[in-house]
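The values are calculated or read from the model by the stated rules, or taken from the named source; none is laboratory data. Remember, it's a predicted structure, so these values are computed and weren't measured experimentally. Don't worry about glycine lacking a Cβ; one is built from the backbone with ideal geometry, like all the others, and counts go over all protein chains shown. SASA here: full protein model, heavy atoms, side chains in, ligands and nucleic acids out. Shrake-Rupley method; radii C 1.70, N 1.55, O 1.52, S 1.80 Å.
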Amino acid sequence: MKAAGAVLSLVIVLSFLSRFYRLAEPPHVCWDETHFGKMASYYINRTFFFDVHPPLGKMLIGLAGHVTGYNGSFSFLKPGQSYGGHAYVGMRGFCALLGSCLPPLVFLIVLQLGWSVAVALLACLLVLLDTGCITLSQYILLDPILMFFIMGAVLSMVRFQSCSSRPFSAPWWLWLAVTGVNLAGAMGVKFVGLFVILLVGVHTARDLWGLLGDLSLTLDVILRHVAARVLCLILLPLALYALMFLVHFSVLHKSGPGDGFFSSAFQSRLMGNNLHNASMPEHLAYGSVVTLKNVRTASGYLHSHWHLYPEGVGARQQQVTTYSHKDDNNLWIVKRHDAEYGNRGAEAPLEFVHHGDIIRLEHKATGRNLHSHQREAPLTKKHLQVTTYGTNGTGDSNDFWRIEVTGGRNTVKVLRSQIRLLHLSTGCVLGSSGKTLPKWGWEQGEVTCSPYLRENPNTLWNVEDHENGRLPNISVSILKPSFLEALVESHIVMLRANSGLKPKEHEVTSKPWHWPINYQGLRFSGVNATDFRIYLLGNPVIWWLNLGGLALYAVLAFCAAVSLRRGFSLPSQVKGVFTLLLDSGGLLMSGWLLHYVPFFFMGRVLYYHHYFPAMLFSSMLTAVTLSSFLQLCSAVLCPSHQRAVIAAGMSLLAGSLLYSFYLFHPLAYGMVGSLADDADSPMAGLRWMDSWDF
């Protein structure tokens, strides 16, 4: 234990030195700092924003900035923007602090899995000396926070397992609860935290299955085991996860750039939003003047203007679009399809709009009716064109729409009800395609009539503004969503936006098969020889060693499984190595697979840095696999020679890792001067793959 403690202390010191070295360089915005630094500013200023990830990581970065003197005034406009006199180092320092914990956590995990201090140190060096891990740890990013909670969850799970001989003791409860806390933390930073939840879930199910087969345990004891795990691994993480969003909503109470991603009812919660503390009639009636907002994420209001569709684009009638800003051209008058009834105005009896009613929508500014016909939409194939048509509310039967209220409601409630408008003549449904019209459409959103009637956010609308002098107004505050409703809506919006992420222009993306082979990195800072250049790329010696370790583990695990299953006569040392390799290596291989394979099935844009949680598992697996291989190869030797061979092999590996770090460390700590293609560059001769762009 003394040796382990001394090595761990050394590891901690080296981790902090490697992650905090030149932390303030470069003194300008690097890569995704433009996003997460800006979001930290929003928290400090209490301004509501939207992001595709849960809030914990960004809240912690904002808290770190606030504590270290950052006042939230920097704009974080784009990479390369100078920080000037703003206090940015505290936020980088917080990320570096958690990144510095990764090598010690890896060391402790491997040690706790039953391997020697030397093996744990080798696993630690694979993370400590990786230039990619260093780079990700030194900037205002979510990745070091995510990986900290993932490794924390794995360590606490393994520590809990070591207490299995003392069930329901204080350490047993402690490590079970800490596992739940770390699971909530991982999920609270990014949705990919779900992968470590699956890992712990599979391990827990296997553990409970083993307990069920232990006939010395009563059913009552087994039920207590199940209840303890449900409490600490399901209910506790859920409660903490919900608490994160409660804090998130409480802190971000001012209107900001994220308003438009959410429903009108959600926006009424935000100070400064035009719906905050507003008053309007609660239920929609004929004669009301309304705005209709599309439910689709970041869509806009149903809009029209005097401009016509150009020649060759359907019928040359008045354009209908979606527009993301408040405007008088968003106003529509709700009328019955019966023209005579609608022209009676104030003499007509007050009547509410119900599910199934046939209505007309007259554009208030131009007096033309919302209209569709058998002409193709401007951009979306097989969809029909939507226009406004007629004069002073008079048109034809193509102006008739049947209103459908979702959720089984009969009347239309402002802000809360979601409605669909089905065109009576053609049977299509009014929707926003999400496409942007050319300049003739003022680059506003395309509105179409879709023949596909399946309900989706593109074809759902809600009434946001509502004026009707014949109805009493109510305070919109009573229509605000509850915390649970806001929580559910936030996740719907995040998941939709996440799945729809597309690469920006000139952005470097990658495919999952690129990652294990270290095919391509990411430029964090600088391009030219005069720039301070940072390039996110894993240490190639480490990454290719990990790739070989995965293949070697598959071979050794197969041999071990067959040998043990068939009951071959094996020396006790070999049998022990095989057993430990299958148990601990199986856990690490499962972690790698769960954090890597799902990316092959994702439709969203992917980046190189998504692989780093999987890389941590593969590094630990490489260490235990190479150690097993050395032990098996030396098993035929006498004990003294065995120790010498293993020590020599470990020393050679450690020396290779240190030398490779010496060669490639400028990638993480900064390059100035000649590019790698020049003979006088410190990186000359190290561009081993043409796809490496440094």
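Sorting check: for 683-690, 508-515, 546-553, which peptide has the highest mean count of neighbouring beta carbons within 10 Å, and how do the rest follow? Present the calculation step by step, with values, prior to reporting the outcome.
Values: 683-690: 13.0, 508-515: 15.2, 546-553: 18.0.
Most protected by this proxy first, the peptides run 546-553, 508-515, 683-690.
How much area per residue is accessible in the range 361-414 when the probe is 1.4 Å and only protein heavy atoms are counted (Å²)?
Details: 2400 Å² over 54 residues.
Solvent-accessible surface per residue comes out at 45 Å².
Taking all C-alpha pairs of the range 41-138, those more than 17 Å from each other amount to 63 percent. Residues in the range 182-189 carry Karplus couplings, in order, of 5, 5, 4, x, 5, 5, x, 8 Hz; the curve used is 6.51 cos²θ - 1.76 cosθ + 1.60 with θ = phi - 60°, and Gly or Pro positions show x.
Quick one, can you get me the convex hull of the C-alpha atoms of the range 418-574 expressed as volume per residue in Å³? Numbers along the way, then the final one.
On the way: hull volume 56.5 nm³, N = 157.
In the range 418-574, the Cα hull volume divided by residue count equals 360 Å³.
Computed log10 I(q)/I(0) for the range 208-301 at 0.15, 0.22, 0.24 Å⁻¹: -0.76, -1.13, -1.20, from the Debye equation with unit scatterers placed on every C-alpha and solvent omitted. Length available on full extension from GLN573 to VAL289: 0.36 nm per residue minus the Cα-Cα distance, which gives 93.9 nm.
To put it simply, the accessible area of the chain at a 1.4 Å probe is 62 percent carbon and sulfur. Here GLU351 and VAL226 are evaluated by their C-beta separation; at R0 = 56 Å the FRET efficiency comes out at 0.45.
Pairs spanning more than 29 Å between alpha-carbon atoms, out of LYS38/LYS439; LYS190/LYS254; LYS2/LYS58; LYS38/LYS190; LYS254/LYS364; LYS326/LYS439: LYS38/LYS439; LYS2/LYS58; LYS254/LYS364.
How high is the relative contact order of the chain, in percent, with contacts defined as C-alpha pairs under 8 Å that are six or more residues apart? Present the calculation step by step, with values, prior to reporting the outcome.
Numbers: 1262 pairs, mean separation 92.9, N = 694.
Rounded, it is 13 percent for the chain.
The label-point distance for GLN81 and PHE191, in a model that sets each label 7 Å from Cα toward Cβ, rounds to 2.7 nm. Taking 0.36 nm per residue of separation and subtracting the current Cα-Cα distance, fully stretching the chain between LEU174 and ASP677 would add 175.6 nm.
Taking all protein chains as they are arranged and a probe of 1.4 Å, the heavy atoms of THR448 leave approximately 0 Å² accessible to solvent. Per residue, the accessible area of the range 1-112 comes to 40 Å² when a 1.4 Å probe rolls over the protein heavy atoms. Across the range 215-231, coupling constants 3J(HN,Hα) worked out from phi with the 6.51/-1.76/1.60 Karplus curve, θ = phi - 60°, read 6, 7, 9, 6, 4, 4, 5, 4, 5, 5, 4, 4, 4, 4, 6, 4, 5 Hz, and Gly and Pro carry x.
Fully extending the segment from ALA561 to VAL508, taken as 0.36 nm per residue of separation minus the present Cα-Cα distance, adds 14.9 nm. Between 0 and 90 degrees, rounded to the nearest ten: what's the tilt of helix 33-45 against the longest Cα principal axis of the chain? The two axes meet at around 70 degrees.
Taken over the C-alpha atoms, the chain has Rg and Dmax values of 30.8, 107 angstrom.
Across q = 0.18, 0.19 Å⁻¹, the range 532-625 modelled as identical point scatterers on its alpha-carbon atoms has Debye log10 I(q)/I(0) values of -0.85, -0.91, in the order of the q list.
When the Kirkwood hydrodynamic radius is evaluated over all pairs of different C-alpha atoms of the range 122-252, what value in angstrom, to one decimal, is obtained?
Numbers: mean 1/r = 0.0616 Å⁻¹.
That comes to 16.2 Å for the range 122-252.
With respect to the chain, whose longest principal axis is taken over its alpha-carbon atoms, helix 2-20 is tilted by about 40°. Relative contact order of the range 17-71: what whole-number percent is it, with Cα pairs under 8 angstrom and at least 6 residues apart? Reported relative contact order: 35 percent.
How about the range 10-119: which trypsin sites (Lys or Arg not before Pro) there lie in a loop by DSSP and see at most 14 other Cβ atoms within 10 Å?
Working: sites: ARG19, ARG22, LYS38, ARG46, LYS58, ARG92; in loops: ARG22, ARG46.
Hits after loop and neighbour filter: ARG22, ARG46.
Take every Cα pair under 8 Å whose residues are at least 6 apart in sequence, average their separation, divide by the length of the range 162-315, and the relative contact order is 17 percent.
In this simple spin-label approximation, LEU219 and PHE600 carry label points 7 Å from Cα along the Cα→Cβ vector, and these lie 4.3 nm apart. Residues whose amide H lies under 5 Å from that of GLY538, counting only those 5 or more places away or on a different chain, are GLY132; hydrogens are built 1.01 Å from N in the peptide plane.
Between 0 and 90 degrees, rounded to the nearest ten: what's the tilt of helix 143-162 against the longest Cα principal axis of the chain? Result, in degrees: 60. With N counted as the residues of the range 555-694, its alpha-carbon radius of gyration over 2.2 N^0.38 Å works out to 1.41.
The accessible area of THR204, taken with all protein chains in place and a 1.4 Å probe, comes to roughly 20 Å². Note on ILE517 and THR436: the model spin-label points, each 7 Å out from Cα along the C-beta direction, lie 3.6 nm apart. Here's the picture: charge each Lys and Arg Cβ at +1 and each Asp and Glu Cβ at -1 in the chain, and of ILE61, HIS423, SER255 the one pushed furthest to the positive end of that dipole is ILE61.
Think of each Lys and Arg Cβ as +1 and each Asp and Glu Cβ as -1; about the Cα centre, that makes the dipole of the range 463-544 roughly 360 debye.
Scanning the chain for GluC sites (Glu not before Pro) in DSSP loops with at most 15 other Cβ atoms within 10 Å, what's the longest stretch left with none? Don't jump to the answer; show the numbers that get you there.
Working: sites that count: GLU311, GLU351, GLU443, GLU455, GLU505, GLU507.
Excluding the exposed sites themselves, the longest stretch runs over 1-310.
Within the chain, CYS30, CYS95, CYS101, CYS124, CYS133, CYS163, CYS232, CYS559, CYS633, CYS638 have no other Cys Cβ under 4.7 Å of their Cβ and so lack a disulfide-compatible partner by this rule.
Relative to the Cα centre, the charge distribution of the chain, modelled as +1 at Lys and Arg Cβ and -1 at Asp and Glu Cβ, gives a dipole magnitude of about 1020 debye.
Once every DSSP H run of n ≥ 4 in the chain is given -39500 (n - 2.57) and the sum is divided by its residues, what mean residue ellipticity at 222 nm do you get, rounded to the nearest 500 deg cm²/dmol? Let's see the in-between values first.
Details: 20 runs with 300 residues, N = 694.
Theoretical 222 nm ellipticity from helices: -14000 deg cm²/dmol.
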